[in-house]
1. Looking only at residues that are part of a loop (DSSP other than H, G, I, E, B), out of contact with any strand residue (DSSP E or B) (no Cβ under 7 Å at 6 or more places or on another chain) and closer than 14 Å to residue 13 by Cβ in the range 25-54, which one is modelled with the highest pLDDT?
2. Does the range 11-21 include one or more residues that are surrounded by 12 or more Cβ atoms within 10 Å (Cβ to Cβ), at pLDDT 90 or above and either assigned to a strand (DSSP E or B) or on the phi > 0 side of the Ramachandran plot (or both)?
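The values are calculated or read from the model by the stated rules, or taken from the named source; none is laboratory data. The structure presented is a predicted model; accordingly, all values stated were derived computationally and were not measured. Every residue, glycine among them, receives a Cβ derived from its backbone with ideal geometry; neighbour counts consider all protein chains shown.
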């Protein structure tokens with residue numbers, strides 16, 4: 001993808017929300033909406049230790 005190409009950003013969580021680490025935000029990019037490439041070396045882009053897990 002170049003700077004002039006369009007594409008898609010997928011912002012998502014992983015896991016089942018039973019652990020605090022499951023509620024971190026991950027990003028992936030796709031040029032066509034079918035083939036996704038994880039960003040940030042498959043690590044969370046935004047993390048938080050605030051909140052509650054029941």
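1. From the range 25-54, those part of a loop (DSSP other than H, G, I, E, B) are 31-36, 39, 43-45, 47-54; that's our starting set.
Subsequent filtering for residues that are out of contact with any strand residue (DSSP E or B) (no Cβ under 7 Å at 6 or more places or on another chain) retains 31-32, 34-35, 43, 47-54.
From the residues that got through so far, the ones that are closer than 14 Å to residue 13 by Cβ too are 43, 47-48, 51, 53.
On the way: 43: 90, 47: 83, 48: 76, 51: 63, 53: 58.
Ranking the qualifying residues of the range 25-54, first place goes to 43.
2. no
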